[in-house]
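Read the structure below first, then the notes.
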Amino acid sequence: MGTAIIVIICVLLLLLAAMKKKAEWLMNIIMRGILGALAIYFINGGLTTMGISTGVGLNGVTVLTSAILGIPGLLALYGLGFYQTL
């Protein structure tokens, strides 16, 4: 009986830790998506003031790309945008 209680407590603690990790991971993705959207907005504004019309559209795909890949994803999006203008 005592062993079963210890095993149940250990399993509950492991589940709690896994749920905490998932919440942390999800919050990280959401924050990266918000910061990526802000970066796209301000970079597009900066490019427009410099007279460069190659902007990345602000939509779900670009926000998701910046959320998952981070700064390299943003660079890839703008690299593809500049490549299309050639």
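Summary of computed values
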read-out: Residue 65 loosely packed, with under 10 Cβ neighbours inside 10 Å and under 22 Å from residue 85 (Cα atoms); value: no
read-out: Options 52, 43, 71: the member that is touching a residue at least 12 places away in the same chain (Cβ under 8 Å) and of a type outside the set (D, E, K, R); value: 43
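Residues checked against (1) out of contact with any strand residue (DSSP E or B) (no Cβ under 6 Å at 6 or more places or on another chain); (2) surrounded by 11 or more Cβ atoms within 10 Å (Cβ to Cβ); (3) of a type in the set (A, V, I, L, M, F, W, C):
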position: 4; (1), (2), (3): yes, no, yes
position: 13; (1), (2), (3): yes, no, yes
position: 27; (1), (2), (3): yes, no, yes
position: 36; (1), (2), (3): yes, yes, no
position: 40; (1), (2), (3): yes, yes, yes
position: 71; (1), (2), (3): yes, yes, yes
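Coordinate-derived values only; no laboratory data. No experiment lies behind these values; they were computed from the predicted model shown. Please note: Cβ atoms are built from the backbone with ideal geometry, for glycine as well, and neighbour counts cover all protein chains shown.
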